[in-house]
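Read the structure below first, then the notes.
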Amino acid sequence: MASLITCPHCGTRPKEEFSIRGAALARPHPAASEEDWHAYVYLRENPKGRYQEYWHHAAGCRRWLIVDRDNVTHDVFSVTDAASIREPSE
Amino acid sequence: MSLTLYHRHVLEDYLAGFEAKANPNHLSVIRRPAIFSVLAHRGNEASVKQALNSIEGALLHDCAPGEWLVVSTASGAAVVENLLGEITGASAIDQSDGRVLLRISGPNVRKILAKCVAVDLHPDAFSIGASANMLCCHVAANLARTGAEAFEIIVPRSFAGSVFEEMMEMGREFALTAAFAEW
């Protein structure tokens, strides 16, 4: 587990300040098929290596962040505010 | 009847018995600060921050993008509420009863806080005027630097006792004292 996360708003913080929601997946269109929604809600890849997760900075700025990290080497590649990549339709 | 309850600070029992004479390392508990949480509406962040900075006698604590705590010990809550109500594009809510304001200062303050927060408080990283939300003694608190050796900590009221006890424990080796202060 990466132990230091550099929040774009608060700076470098220990992981204890965050809670992890899970993989940052693209939300399907509201009219998407039931299979797509089932996959979005229940199915996860559980990859070994680099992937993106939603982290909530619960004890800091209380913003949802997307942490791009490697769960093998513990490298953190980037941390961005989830709102900054919000899709234009939302 | 309600007046006696109103004037009773949540840390009243914790502070009973501490010596009155302040040592160099001292923790002040502000009796009745005015603390407001202010949120800027989307797109108004810069103008609201500018307006908040121009409020006289109030200190601005950063919480998150577009969110601040406005702390005033000089003016009462009603005065601050009126001033905040004049700012367009912002919502403010009175947190004076829900938060406890602590001020810690002294030559060893950074050594004490190093045992309470996991944030680098070196002046290069956390300069005077800087403030942020962070875990302080396992409680989500707001910490601000008000001087080279002075910090302000805002904690939720129900956690104030636990934070206070832990800070006094961490400050024991530096003879940290504590007392109420009016401002």
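The values are calculated or read from the model by the stated rules, or taken from the named source; none is laboratory data. For clarity, every value in this text was computed on a predicted model and none was experimentally measured. Cβ atoms come from the backbone with ideal geometry, glycine included; neighbour counts cover every protein chain shown.
Summary table
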item: Cβ-Cβ under 6 Å pairs, at least 6 apart or on other chains, segment B:133-157 side under 15 Å from B:W68 (Cβ atoms), far side part of a loop (DSSP other than H, G, I, E, B); result: B:N133/A:G60
item: Residue within segment B:65-79 that is away from chain A (no Cβ under 14 Å), charged (D, E, K, R) and either in contact (Cβ under 8 Å) with a residue 24 or more places away in the chain or part of a loop (DSSP other than H, G, I, E, B) (or both) present; result: no
item: Pairs where the first residue, in segment A:52-64, is on the phi > 0 side of the Ramachandran plot and the second is polar (S, T, N, Q) and assigned to a strand (DSSP E or B), C-beta under 8 Å, 6+ apart; result: A:R62/B:N133
item: Residues that are more than 20 Å from the chain's Cα centre (by Cα) and either under 13 Å from B:E81 (Cα atoms) or surrounded by 15 or more Cβ atoms within 10 Å (Cβ to Cβ) (or both), drawn from segment B:32-46; result: B:A40, B:N44, B:E45
item: Residue in segment B:120-137 that is in contact with an Asp or Glu (Cβ under 7 Å, 6 or more places away or on another chain), on the phi < 0 side of the Ramachandran plot and more than 14 Å from chain A (Cβ to nearest Cβ) present; result: no
item: Selection from segment B:136-183 of residues that are in contact with a helix residue (DSSP H, G or I) (Cβ under 6 Å, 6 or more places away or on another chain) and charged (D, E, K, R); result: B:E149
item: Test set (1) in contact with a His (Cβ under 7 Å, 6 or more places away or on another chain); (2) within 14 Å of chain B (Cβ to nearest Cβ); (3) assigned to a strand (DSSP E or B) - A:T12 fails condition number; result: (1)
item: Tabulated pairs, segment B:159-183, first free of Cβ contacts under 8 Å to residues at least 40 places away in the same chain, second surrounded by fewer than 19 Cβ atoms within 10 Å (Cβ to Cβ) and among the hydrophobic types (A, V, I, L, M, F, W, C), C-beta under 9 angstrom, 6+ apart or interchain; result: B:F159/B:V139; B:F159/B:A140; B:S162/B:V139
item: Strands (runs of 3 or more DSSP E) wholly inside segment B:96-147 that include at least 1 residues being of a type in the set (K, R); result: B:99-105, B:139-147
item: Positions within segment B:153-180 being crowded, with 17+ Cβ neighbours inside 10 Å, modelled with pLDDT under 95 and either part of a strand (DSSP E or B) or touching a Ser or Thr at 6+ places or on another chain (Cβ under 8 Å) (or both), in sequence order; result: B:T177, B:A178
item: Odd one out for B:L60 among (1) within 11 Å of the chain's Cα centre (by Cα); (2) surrounded by 19 or more Cβ atoms within 10 Å (Cβ to Cβ); result: (2)
item: Check on A:L4, within 12 Å of another protein chain (Cβ to nearest Cβ) and farther than 20 Å from B:C136 by Cβ; result: no
item: Residue check, B:A114 free of Cβ contacts under 8 Å to residues at least 12 places away in the same chain and assigned by TED's automatic domain parsing to the domain that holds B:E169; result: yes
item: Condition broken by A:D36, with the remaining ones in (1) more than 14 Å from every other protein chain (Cβ to nearest Cβ); (2) in contact with a strand residue (DSSP E or B) (Cβ under 8 Å, 6 or more places away or on another chain) satisfied; result: (2)
